[in-house]
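The values are calculated or read from the model by the stated rules, or taken from the named source; none is laboratory data. Values in this document were obtained by computation on a predicted structure and should not be read as measured data. Neighbour counts run over all protein chains shown; Cβ positions are idealised from the backbone, glycine included. When the accessible area is computed, the model is the full protein with side chains, heavy atoms only, and any ligands, DNA or RNA have been set aside. Shrake-Rupley method; radii C 1.70, N 1.55, O 1.52, S 1.80 Å.
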Amino acid sequence: AAPRVLNVNVGVLGHIDSGKTALARALSTTGSTAAFDRAPQSRARGITLDLGFSCLRTALPPQLGPGPGELQFTLVDCPGHASLIRTIIGGAQIIDLMMLVIDVTKGMQTQSAECLVIGQIACQKMVVVLNKIDLLPEGKRQSAIEKMTKKMQKTLENTKFCGCPIVAVAAKPGGPEAPESENPLGVSELIEVLKSQAYLPSRDPLGHFLMAVDHCFSIKGQGTVMTGTILSGSVSLGDNVEIPALKVTKKVKSMQMFHTPVTYAMQGDRVGVCVTQFDPKLLERGLICTPESLHTIHAAIISLKKIQYFRGALQTKAKFHITVGHETVMGRVMFFSPAPADFNEEIQENVFDFEKDYLYQEEYLSKDSNSSEENKENDQAEVQLPRQQWALLEFEKPVTCPKLCLVIGSKLDTDIHANTCRLAFHGVLLQGMEDKNYTETFLPKLKVYKLKHKEGQVERVMDDYSVIGRSLFKKETNIQIFVGLKVQLSTGEDGIIDGGFGQSGKFKIRIPDGLKPDTKVLLTVASKKKSKAGKGDTTKEDESSKNDSAQPVTVSLLFKRYVFDTQKKMIQS
């Protein structure tokens with residue numbers, strides 16, 4: 001049997017010009033097709049434009065099991081600049097280990113911070129590489145490296161990569177123009193660190209086959225080869241695979257992994273799949289999958305978390321660039337939380353419960369959100385935050401993606417040079433809406449409500465069991481729809497709206513348990529004062545000033561209304 005090869009995908013991320021490609025080149029021994037800035041537009045700009053892949057093979061380290069074997073690191077060189085953050089997000093699901101490349105003369109930069117965010121969402125382990133140490137003067141090199149190492153340790157303190165290895169190297173001493181004879185510094189040490197960090201990634205051959213294709217080309221007499229990385233499931237010779245973007249299904253004629261024919265490949269593998277009668281120009285990159293396993297959706301419900309480095313609130317109705325699976329589209333969001341009584345409920349992973357009631361939110365609730373201005377001044381109490389929050393996403397154009405997948409919201413139109421994180425939230429797609437008319441067919445099932453609170457005043461007493469109220473409704477409001485709703489007086493009595501009274505929006509309130517004596521006194525005093533002042537009495541001045549100090553009796557009406565209820569019913573518990 002061939003010695004086993006264990007493949008570990010290493011994402012090489014970092015700020016533009018931190019030297020990621022040079023580092024991948026220095027590390028690698030075997031190039032895979034997509035490698036090293038081979039796209040002409042990329043070569044011209046000297047910038048990596050596509051997820052380049054190359055690989056490095058070494059002996060299997062002892063912690064990964066007995067016997068001979070090879071450890072293969074597939075180096076996924078992820079683009080560092082803005083328009084291409086989505087490529088990284090697309091590849092994130094299969095990265096086992098992240099290598100964050102930092103220019104030692106510059107330290108953390110905008111994109112390094114964004115890479116860190118993506119790493120925390122999508123990856124378990126990280127190695128930091130301080131590159132370009134050849135630019136530091138030899139005498140001061142060691143102390144500069146130590147200083148930057150300390151700085152990086154501090155930055156990583158509050159992330160899941162706290163305490164990760166930090167290695168200093170010079171991938172290409174002398175820079176891009178230097179002769180090839182210049183040997184890289186620190187690279188063999190880095191390889192040892194990578195080996196020590198390697199682990200058996202958990203791979204799952206079950207589930208639908210889904211592969212991210214990054215290249216497509218034809219081979220004379222063979223057919224069309226699609227190379228890429230399997231994101232989920234597995235594929236065998238003779239399987240049918242669908243190219244969902246084109247709604248085409250093809251049969252797998254042959255497969256190769258790193259120049260060796262294979263009959264089977266599974267999640268995490270880099271593979272070339274050959275099919276016949278398919279024009280490679282139709283698919284430069286994209287997804288192929290088990291037929292019918294992806295859905296195309298117009299809207300979705302996701303559970304989400306805000307990214308702590310994003311400055312500013314996440315507002316309902318705002319638009320974000322939303323990356324779902326492998327596509328990025330514009331979408332509008334509406335945030336909602338559990339009903340207040342359920343704020344501490346256990347988090348529901350990967351499912352959404354349509355039976356429950358949810359509370360509409362004007363913005364994502366976080367420690368720094370302005371729940372209410374007066375709270376800030378007088379009451380430093382802890383704002384109660386729910387353990388889980390959700391959003392309804394409505395896409396500007398339909399998106400094709402797996403049923404459960406990673407979702408990232410960002411503001412990619414923010415200036416790339418502004419020193420700010422553009423990634424705003426990340427989450428999991430729980431429920432997609434495939435019907436174009438989802439607003440009619442689907443949204444009414446979503447029980448998100450708003451709490452409405454209206455306040456008015458008691459105008460006067462009619463008898464012991466009823467009062468007249470005002471200022472709760474506008475003149476043109478149809479009071480009939482409010483009849484039977486419960487209200488409460490500020491003096492404590494419960495009442496029921498009985499109907500309108502006259503034409504000006506006044507209404508009658510029935511008090512089933514009767515008015516309290518004190519309330520009656522209060523109301524009679526108030527209305528007497530009013531009538532007195534109205535009669536042009538000489539004491540008008542002092543009376544009206546006293547009247548201000550007598551608190552009017554207010555009427556408050558609380559009800560909830562479901563956002564997507566077509567009948568706009570008002571509901572009281």
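Within the stretch 121-136, residues that are in contact (Cβ under 8 Å) with a residue 40 or more places away in the chain and within 12 Å of Val167 (Cα to Cα) reach partners that are of a type in the set (S, T, N, Q) and in a loop (DSSP other than H, G, I, E, B) with beta carbons closer than 7 Å, at six or more positions or on different chains, in the pairs Asn131/Ser18; Lys132/Thr105. Residues being surrounded by fewer than 20 Cβ atoms within 10 Å (Cβ to Cβ), at pLDDT 85 or above and of a type in the set (Val, Ile, Thr) are entirely absent from the stretch 130-139.
Only one of Leu194, Leu206 is under 22 Å from Val76 (Cβ atoms) and not acidic (Asp, Glu); which? Talk me through it step by step, then tell me what you get.
Details: Leu206 fails: under 22 Å from Val76 (Cβ atoms).
On inspection, the qualifying residue turns out to be Leu194.
Of the residues Tyr360, Tyr364, the single one that is more than 16 Å from the chain's Cα centre (by Cα) and modelled with pLDDT of 95 or more is Tyr360.
Just so you know, in the stretch 219-238 the residues that are open to solvent by 10 Å² or more (accessible area, probe 1.4 Å) and free of Cβ contacts under 8 Å to residues at least 40 places away in the same chain include one that is nearest to the chain's Cα centre (by Cα), and it is Ser234.
Would you point out the residue of the stretch 310-328, among those that are at pLDDT 90 or above and not in a loop (DSSP other than H, G, I, E, B), that is nearest to Gln431 (Cα to Cα)? Residue satisfying both the conditions and the ranking: Ile322.
Among the residues of the stretch 192-202, is there at least one that is closer than 30 Å to Pro244 by Cβ, surrounded by fewer than 16 Cβ atoms within 10 Å (Cβ to Cβ) and out of contact with any His (no Cβ under 7 Å at 6 or more places or on another chain)? Before you say what the answer is, go through the steps one by one.
Looking only at the stretch 192-202, we keep the residues that are closer than 30 Å to Pro244 by Cβ, and these are 201-202.
Pick out the ones that are also surrounded by fewer than 16 Cβ atoms within 10 Å (Cβ to Cβ) and you get 202.
Now narrow it down to the ones that are out of contact with any His (no Cβ under 7 Å at 6 or more places or on another chain): 202.
Yes; the residues of the stretch 192-202 include at least one that is closer than 30 Å to Pro244 by Cβ, surrounded by fewer than 16 Cβ atoms within 10 Å (Cβ to Cβ) and out of contact with any His (no Cβ under 7 Å at 6 or more places or on another chain).
All of (1) buried (at least 16 other Cβ atoms within 10 Å of the Cβ); (2) assigned to a strand (DSSP E or B); (3) free of Cβ contacts under 8 Å to residues at least 60 places away in the same chain hold for Phe278 with one exception: (2).
Scanning the stretch 392-410 for residues that are open to solvent by less than 10 Å² (accessible area, probe 1.4 Å) and over 20 Å from Gln120 (Cβ atoms) gives Leu392, Leu393, Val399, Cys401. Every residue in the stretch 450-471 that is open to solvent by 10 Å² or more (accessible area, probe 1.4 Å) and either within 42 Å of the chain's Cα centre (by Cα) or among the basic types (Lys, Arg) (or both), please. Answer for the stretch 450-471, where residues must be open to solvent by 10 Å² or more (accessible area, probe 1.4 Å) and either within 42 Å of the chain's Cα centre (by Cα) or among the basic types (Lys, Arg) (or both): Lys450, Leu451, Lys452, His453, Lys454, Glu455, Arg460, Arg470. Please find, within the stretch 313-358, the residue that is surrounded by the most Cβ atoms within 10 Å (Cβ to Cβ) out of those that are touching a helix residue (DSSP H, G or I) at 6+ places or on another chain (Cβ under 9 Å) and acidic (Asp, Glu). So the residue we want is Glu327.
Cβ-Cβ contacts under 6 Å between residues 6 or more apart (or on different chains), taken from a first residue in the stretch 204-218 that is part of a strand (DSSP E or B) to a second residue that is among the basic types (Lys, Arg), are listed as Val213/Arg285; Asp214/Arg285. Would the stretch 51-74 turn up any residue that is crowded, with 24+ Cβ neighbours inside 10 Å and at pLDDT 75 or above? Yes, the stretch 51-74 contains at least one residue that is crowded, with 24+ Cβ neighbours inside 10 Å and at pLDDT 75 or above. Of everything in the stretch 554-573 that is open to solvent by 40 Å² or more (accessible area, probe 1.4 Å) and more than 33 Å from the chain's Cα centre (by Cα), the residue that is nearest to Arg460 (Cα to Cα) is Leu558.
Does any residue of the stretch 187-200 turn out to be among the small types (Gly, Ala, Ser) and over 32 Å from the mean Cα position of the chain (by Cα)? Walk me through how you get there before you give the answer.
Of the stretch 187-200, the ones among the small types (Gly, Ala, Ser) are 188, 196, 198.
Pick out the ones that are also over 32 Å from the mean Cα position of the chain (by Cα) and you get 188.
Within the stretch 187-200, one or more residues are among the small types (Gly, Ala, Ser) and over 32 Å from the mean Cα position of the chain (by Cα).
Here Met257 fulfils each of the conditions (1) over 19 Å from Met226 (Cβ atoms); (2) of a type outside the set (Gly, Ala, Ser); (3) surrounded by 14 or more Cβ atoms within 10 Å (Cβ to Cβ) apart from (1).
Tell me yes or no: at least one residue of the stretch 108-129 is open to solvent by 60 Å² or more (accessible area, probe 1.4 Å) and either in a helix (DSSP H, G or I) or touching a Gly at 6+ places or on another chain (Cβ under 8 Å) (or both). No: zero hits. Comparison of Ala171, Ala178, Ala144 shows that the only residue that is open to solvent by less than 20 Å² (accessible area, probe 1.4 Å), over 14 Å from Val101 (Cα atoms) and more than 31 Å from the chain's Cα centre (by Cα) is Ala178.
Cys162 fulfils the conditions (1) assigned to a strand (DSSP E or B); (2) farther than 23 Å from Leu60 by Cα except for a single criterion, (1).
Taken as a whole, the condition of being of a type in the set (Ser, Thr, Tyr), within 30 Å of Gln72 (Cα to Cα) and touching a residue at least 60 places away in the same chain (Cβ under 8 Å) does not apply to Thr296.
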